[in-house]
Amino acid sequence: MSEPVSTFQNPAGTWSLAVYDVLKAQNVRLVPFVPDGGHRGLIEHCQADPDMRAVTLTTEQEGVALAAGAWVGGVRSVLLMQSSGVGNCINMLSLLKTCQMPLVILVTMRGEWGEFNPWQVPMGQATPEVLRAMGVLVQRVDDPELLPGEVDAALRLAYSTYSPVAVLLSQKLLGAKKFGGSK
C-alpha cells in the first residue's frame, strides 16, 4: 500500500510567516501543538524564535490545559491542532468558557475539499458545530491572503473578551492530501 503524499499548496510558505509575524506582534509567547503537516511552517517559525516556546503535545487537551495555566501566569498562547484533534479536547474546552479564559486555536481542517481519508470526514464535518457547542467562537478562512488578518482579529477578540476563538484553516487554503500512487 502506498504512503500518503502531501499535496499541501503552501505548508511552509508565505502565510505561515505572515501568521507568525501576527503572533509575534500580539505578544504570543507559548505555542503548544500536536505535530501536523498543515502547521509545519508556522511551527518551524515558532521553534526558531528564542522568545517563543513551542511545545510538542501528545494530545490536544494538554494544550488547552497548558494554555490556561499560561494565561493565569500572564502568558499569551495559541494552540495549533488538526480538526481530528478537536474531538480529543471537548471536555477541556469547558474550562475556557467557564473560567472566562482567552485562547486562540488554529485548526487545520481535514475531511472536506479533496479529502482522501474517510476516517477524517466525520470529525472534519462536525468540527465547527462541536466548537460552537462548547462556547468557542469560530472563524473560517479559505484564502491565505486573508489569514493573517483573521488571526489578528481572533487574537484581539479572544484577549479583549476573555473568550476562546478558533480559526479554521480550510482544506482549500492548505491543499488536500492524497494517497501516493493514486490518480
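The values are calculated or read from the model by the stated rules, or taken from the named source; none is laboratory data. Keep in mind that what you see is a predicted model, and the values were worked out from it rather than measured. Heads up, the Cβs are rebuilt from the backbone with ideal geometry, glycines too, and the neighbour counts pull from every protein chain shown. Side chains included, ligands, DNA and RNA excluded: accessible areas come from the protein's heavy atoms. Shrake-Rupley method; radii C 1.70, N 1.55, O 1.52, S 1.80 Å.
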For segment 16-174: accessible area per residue (Å², 1.4 Å) = 43 Å²
query = Hey, what do the phi angles of segment 167-172 turn into as Karplus ³J(HN,Hα) couplings, whole Hz, using 6.51/-1.76/1.60 and θ = phi - 60°, x for Gly and Pro?
reply = 10, 8, 8, 5, 5, 5
Cβ-based charge dipole, the chain, positive-most Cα from Ile43, Leu17, Ala154 = Ala154
query = Relative to the longest principal axis of the chain, what angle (0 to 90°, nearest 10) does the C-alpha long axis of helix 14-25 take?
reply = 10 degrees
query = If you work out Kirkwood radius over Cα pairs in Å from the coordinates, which of (1) 19.7; (2) 16.8; (3) 16.2 do you get?
reply = (3)
query = When the helix-only estimate is applied to the chain (DSSP H runs of n ≥ 4, each -39,500 (n - 2.57), divided by the residue count), what is the mean residue ellipticity at 222 nm, nearest 500 deg cm²/dmol?
reply = -12500 deg cm²/dmol
request  = Provide the packing ranking of 146-156, 65-75, 104-114, 33-43, i.e. peptides ordered by the mean count of other C-beta atoms within 10 Å per residue, highest first.
outcome  = 104-114, 33-43, 146-156, 65-75
key: In degrees, nearest ten, helix 60-72 long axis to first principal axis of the chain (Cα)   = 20 degrees
remark   = Carbon/sulfur accessible area of the chain, % of total, 1.4 Å probe, equals 55 percent
